[in-house]
1. Can residue 258 be described as over 20 Å from residue 331 (Cα atoms), in contact (Cβ under 8 Å) with a residue 60 or more places away in the chain, part of a loop (DSSP other than H, G, I, E, B) and not assigned by TED's automatic domain parsing to the domain that holds residue 173?
2. Check whether at least one residue in region 165-179 is more than 22 Å from residue 60 (Cβ to Cβ), within 12 Å of the ligand (Cβ to nearest atom), touching a residue at least 60 places away in the same chain (Cβ under 8 Å) and touching a helix residue (DSSP H, G or I) at 6+ places or on another chain (Cβ under 6 Å), and report yes or no.
3. From (1) closer than 27 Å to residue 43 by Cβ; (2) without any contact (Cβ under 8 Å) to a residue 24 or more places away in the chain; (3) over 24 Å from the mean Cα position of the chain (by Cα), pick out the condition that doesn't hold for residue 384.
4. Considering only residues that are within 24 Å of residue 108 (Cα to Cα) and surrounded by fewer than 21 Cβ atoms within 10 Å (Cβ to Cβ), look in region 46-61 and name the one that is farthest from the ligand (Cβ to nearest atom).
5. For region 403-430, enumerate the residues that are over 19 Å from residue 348 (Cβ atoms), touching a residue at least 40 places away in the same chain (Cβ under 8 Å) and under 21 Å from the mean Cα position of the chain (by Cα).
6. Can you tell me how many residues within region 314-324 are touching a strand residue (DSSP E or B) at 6+ places or on another chain (Cβ under 6 Å) and closer than 13 Å to residue 252 by Cβ?
7. Report the residue count in region 34-43 for those that are surrounded by fewer than 16 Cβ atoms within 10 Å (Cβ to Cβ) and either out of contact with any strand residue (DSSP E or B) (no Cβ under 9 Å at 6 or more places or on another chain) or within 16 Å of residue 103 (Cβ to Cβ) (or both).
Ligand SMILES: Cc1cc2nc3c(=O)[nH]c(=O)nc-3n(C[C@H](O)[C@H](O)[C@H](O)COP(=O)(O)OP(=O)(O)OC[C@H]3O[C@@H](n4cnc5c(N)ncnc54)[C@H](O)[C@@H]3O)c2cc1C
């Protein structure tokens, strides 16, 4: 998508539509003018667009009214949560015919049921706020990602977000019990059940999970909750290679039962990038080893997690899989270790435009894939830097490329992505492990989409949304 700079792109038709929306919905709901721009740029700041208006409903009924008003004016709708998505799914691309519907004012926890380990919550709540509220009730909601201070639960559902705890608790899909969704004609899909088992035919809520706002606006969510992990042990281990990291992961799965909650892989450049992202970050060891693993074990009740971590790391050193390491002895130290992982994203963003990928391959082929793809990219761009890291336990790697700033940055990003995808195709991998398709990956997705799948996707989209009101330019071209 081309960057569209500033307002004015919406033109007279857009301005007339904004006025009509305000007349119908009121000033409290409709944002017009320059304030719209803040909702129309992506998290990295690579793209700045515009929209007719931003609608900020407070209730499900108001969302229905917003949808009906947009439909009556022939406008398309872009649902938006925290706008932290990395594939431009929530960023408008037709400023004169699109409205953003932001869920940011729908943040209520409707019920929190400790006896049934479940909660019903509005889709606009910020993930971290929800996790805190659940923690106050002595329970745990395991979805955890670097953007959790800004992303919203509806956005997490719409993208089927992953994050660092997937290897233990699954992706967002596995954490959901039910959904409430305003459909493209303004009607309401009422599916907020808290039942664990419900096999009454096709599970319709699955359609909306990962749909990236193309089928409706998720207004509320019922989710599973878990016992709070009262004990958490975190270790940063230096390893000899990605192969060793994967061997270590396999051993941890066998030896630590199902108590491993995170296993993240980082290259040595993570330390430097994290420092650039968070300048006062204290680094616990020198970046002199080929690779690092951030590992977390957690549990509650009668299990001794610290002892399990101590015995596992001892085993890792004996086997020669770990060559150095630190184990956090306080929550503050554990937080500091996690800041390295989170800070490296910010460090990359500070370096400017770069290639970000979100690839998955079978775990058994990951090391081979990363070596082959990095070598192919560096053969063409020797001055570029490859930063491969991620949720290795899930076979998910972010093979990012920081271009050589002495060359044409855009051209390097474009070509490096082509190379990574060509290698990936030989490994039967996915171009989107967890971020979705949005607008950014549409062409690459469609290029690899078998005819039958495409026909099914089209049939579903046009059946639910015949007028193509919802996030039209997202996922596939219609
Ligand atoms: C620093 C950082 C770290 C990240 N780490 C991870 C990670 O580890 N794992 C991961 O999976 N992702 C990660 N992401 C990506 C992003 O945070 C997730 O995709 C997140 O789920 C998006 O939520 P959001 O509320 O910001 O959604 P938005 O960006 O607002 O929207 C994303 C998509 O969902 C749609 N949408 C939003 N809300 C609704 C709704 N209520 N109803 C219908 N459609 C809706 C939008 O139209 C858009 O297509 C990261 C992002 C950043 C910036």
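The values are calculated or read from the model by the stated rules, or taken from the named source; none is laboratory data. Computed from a predicted structure; not experimentally measured. Reconstructed Cβ throughout: ideal geometry from the backbone, glycine too, with neighbour counts over all protein chains shown.
1. For residue 258, the condition - over 20 Å from residue 331 (Cα atoms), in contact (Cβ under 8 Å) with a residue 60 or more places away in the chain, part of a loop (DSSP other than H, G, I, E, B) and not assigned by TED's automatic domain parsing to the domain that holds residue 173 - is met.
2. Yes: one or more hits.
3. Among (1) closer than 27 Å to residue 43 by Cβ; (2) without any contact (Cβ under 8 Å) to a residue 24 or more places away in the chain; (3) over 24 Å from the mean Cα position of the chain (by Cα), residue 384 violates only (2).
4. Looking at the filtered set, the residue picked out is 61.
5. Hits for region 403-430 are 424, 429, 430.
6. Counting residues in region 314-324 that are touching a strand residue (DSSP E or B) at 6+ places or on another chain (Cβ under 6 Å) and closer than 13 Å to residue 252 by Cβ gives 2.
7. 2
This table checks each residue for (1) at positive phi; (2) surrounded by fewer than 21 Cβ atoms within 10 Å (Cβ to Cβ); (3) within 12 Å of the ligand (Cβ to nearest atom).
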position: 71; (1), (2), (3): no, yes, no
position: 80; (1), (2), (3): no, no, yes
position: 89; (1), (2), (3): no, no, yes
position: 122; (1), (2), (3): no, no, yes
position: 130; (1), (2), (3): no, no, yes
position: 134; (1), (2), (3): no, no, no
position: 143; (1), (2), (3): no, no, yes
position: 152; (1), (2), (3): no, no, yes
position: 157; (1), (2), (3): no, no, yes
